[in-house]
Amino acid sequence: MRDGMWIPLQHLLDRLSQPKTRADEVRRLRLRLREEPASSEVSAEESAASAELLRLRRALKEAIGQVVSCRTCAIGHPPPHGHFAGGHCCGLVTEDAWNDDEIAALRQTGTRPAHLQLPVGDHAGCAFRGPTGCSLSVEHQPNLCVRYLCPDLFREVYARGDGPRIVALCQEMEDVYLRFISLRAERLSKLQEP
Ligand code: SF4
């Protein structure tokens with residue numbers, strides 16, 4: 001089914017099975033994602049930068065691996081952050097992780113509205129945060145989510161010995177992300193030229 005029909009139908013289903021706030025937020029995200037151009041519709045440089053971001057997200061996720069910090073970091077914090085035991089950093093407002101650049105980069109590497117799958121459970125912070133973590137695979141997560149190392153996570157990866165390699169990957173991702181947003185801004189400004 002085409003995204004144009006699928007999004008409103010899925011929104012109706014989400015409204016029946018999910019907290020309304022989550023269903024509505026994700027509908028808006030899916031609509032924004034649908035409006036972004038695919039990689040074939042942007043410059044080769046911009047498309048290469050978004051592809052590089054995907055490679056780095058996968059590499060970083062693998063390098064971080066299984067960690068314990070994220071399971072209990074939110075205990076004792078006020079809601080929405082402390083609503084679940086873990087995932088304190090995911091207690092933010094959805095749009096704060098899903099800015100236009102992140103959505104554009106994801107669209108260019110193949111993320112479609114149907115890939116934005118929801119968790120089961122209360123809505124507490126980002127729409128994709130559930131009681132056991134994020135409901136999205138790394139291919140469909142914003143870059144910010146993958147490269148953010150809170151102090152607890154930072155200490156954990158340094159304690160086990162691979163902190164420098166992980167921090168280097170974070171820095172590489174930040175550099176590529178900055179290049180991507182500048183290429184995208186350039187493209188958008190050209191579109192506005194008379
Ligand atoms: S997309 Fe996933 S990792 Fe990113 S803030 Fe939302 S729940 Fe957290």
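The values are calculated or read from the model by the stated rules, or taken from the named source; none is laboratory data. For clarity, every value in this text was computed on a predicted model and none was experimentally measured. When we count neighbours, we look across all protein chains shown, and the Cβ atoms used for this are built from the backbone with ideal geometry, even at glycine. Note: areas computed on protein heavy atoms with side chains; ligands, DNA, RNA excluded. Shrake-Rupley method; radii C 1.70, N 1.55, O 1.52, S 1.80 Å.
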Once every DSSP H run of n ≥ 4 in the chain is given -39500 (n - 2.57) and the sum is divided by its residues, what mean residue ellipticity at 222 nm do you get, rounded to the nearest 500 deg cm²/dmol? -18000 deg cm²/dmol
Selection from Ile181, Pro119, Thr94, by position along the positive dipole direction of region 3-191 (Cβ): Pro119
Of Pro80, Ile64, Pro37, which is farthest towards the positive pole of region 8-92's charge dipole, taken about the Cα centre with +1 and -1 on the beta-carbons of Lys, Arg and Asp, Glu respectively? Pro80
Only Lys, Arg (+1) and Asp, Glu (-1) charged, at Cβ; region 3-191 dipole about Cα centre in debye: 400 debye
So for region 3-191, what are the equivalent ellipsoid semi-axes in whole Å, largest first, each being the square root of 5 times an eigenvalue of the Cα gyration tensor? 26, 25, 12
Helices from the chain with mean Kyte-Doolittle at least -0.5 and a Cα length along the axis of 18 Å or more, per DSSP H: which? 3-17, 44-64, 163-191
Most mobile of Val93, Val120, Val68 per a Gaussian network model of the chain (Cα springs, under 10 Å)? Val68
Apportionment of accessible area to carbon and sulfur, the chain, percent (1.4 Å): 57 percent
Just name one of Met5, Tyr158, His140: the one whose Cα is farthest towards the positive end of the charge dipole of the chain (beta-carbon charges, Lys/Arg +1, Asp/Glu -1). Met5
With the chain treated as a Gaussian network of Cα nodes joined by springs under 10 Å, which of Leu56, Leu118, Leu178 yields the largest mean-square fluctuation? Leu178
Gaussian network model of the chain, Cα within-10 Å springs - most flexible of His123, His83, His115: His115
If packing is taken as the mean number of other Cβ atoms within 10 Å per residue, what is the order of 38-46, 20-28, highest first? 20-28, 38-46
